[in-house]
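Here the structure is laid out as structure tokens; the discussion comes afterwards.
The values are calculated or read from the model by the stated rules, or taken from the named source; none is laboratory data. Quick caveat: nothing in here was measured; it's all calculated off a predicted structure. Cβ placement follows ideal geometry from the backbone for every residue including glycine, while neighbour counts extend to all protein chains displayed. Note: areas computed on protein heavy atoms with side chains; ligands, DNA, RNA excluded. Shrake-Rupley method; radii C 1.70, N 1.55, O 1.52, S 1.80 Å.
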Amino acid sequence: MNSFIQEITAIETYPVRQPVLRAGKPIESCHFQGDEWPSTHHLGYFINNQLIGVVSLFEAKNLILGEEKSIQIRGMAVLDSHQKTGIGNQLIQEAENYCRKQNAILIWFNARTSAVGFYEKLGYKIEGSEFEIQEVGPHFLMSKKI
Ligand SMILES: CC(C)(COP(=O)(O)OP(=O)(O)OC[C@H]1O[C@@H](n2cnc3c(N)ncnc32)[C@H](O)[C@@H]1OP(=O)(O)O)[C@@H](O)C(=O)NCCC(=O)NCCS
């Protein structure tokens, strides 16, 4: 089995974003504002050249968390068939390496409540109360200093 992580384009994330994060919704719903900005980066996890997992990194501050150089994680997804096999963990490790190279100090994101346990295992902490993102569901703001 040959597995690797490499940078991909925003559109290349859609075959994973759509079934995992936007099931039953149109392909346009897979687009995030800022996907094409030069400062945005998308990572793909491949097994035998097949895309299995994705994560996107946006240069963005969260004013609740402060003014430090920060990276927002969005669109974190692993195909159902391959979840809980360590791929999400490897994608987050690679995202953290990328952030260190960018001299970012903080990583943050709005985590689906169902995924909070995954991020907690990787050292991320909840900030504040649960809130609803329309058409997606309940979330918590989470962050980690790196
Ligand atoms: C959440 C998600 C990205 C995790 O990726 P993954 O490849 O399944 O996770 P890993 O196999 O690397 O798991 C790492 C650890 O977290 C645990 N874990 C994985 N998903 C979890 C979850 N939803 N809740 C609690 N723990 C979880 C694993 O059991 C593993 O624990 P271990 O180290 O004790 O064995 C993936 O399951 C997914 O795409 N889920 C659906 C979409 C989603 O919720 N995305 C996040 C949006 S914020």
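To make sure I understand the rule: partners must be lysines, Cα under 26 Å from the Cα of K145, and not fewer than 8 residues away in the same chain. Which ones qualify?
Partners within reach: K61, K69, K84, K101, K121, K125.
Tell me the per residue accessible area of the range 11-76 using a 1.4 Å probe; a whole number in Å² is fine.
With the other protein chains kept in place, the range 11-76 gives 50 Å² per residue.
So which residue, out of L79, L57, L43, gets the largest mean-square fluctuation from a GNM of the chain using Cα contacts under 10 Å as springs?
Fluctuation is largest for L79.
Loop only per DSSP, at most 14 neighbouring Cβ atoms within 10 Å: give me the GluC sites (Glu not before Pro) in the range 19-67, ordered by residue number.
Sites meeting the loop and neighbour criteria: E36, E67.
In whole angstrom, note down how far apart the Cα centers of the range 35-99 and the range 109-128 are.
Using only Cα atoms, the two centres lie 14 Å from each other.
Suppose the Debye formula is applied to equal point scatterers at every Cα of the chain; what is log10 I(q)/I(0) at q = 0.16 Å⁻¹?
Evaluating at q = 0.16 Å⁻¹ gives log10 I(q)/I(0) of -0.86.
With loop defined by DSSP as not H, G, I, E or B, and exposure as at most 14 other Cβ atoms within 10 Å, which is the longest segment of the chain clear of exposed trypsin sites (Lys or Arg not before Pro)?
Counting at most 14 other Cβ atoms within 10 Å as exposed, the longest clean stretch of the chain is 1-68.
³J(HN,Hα) across the range 117-134 via Karplus (A = 6.51, B = -1.76, C = 1.60, θ = phi - 60°), whole Hz, x for Gly/Pro?
Here the 3J(HN,Hα) series is x, 4, 5, 4, 4, 9, x, 7, 10, 6, 10, x, 9, 5, 9, 9, 9, 4 Hz.
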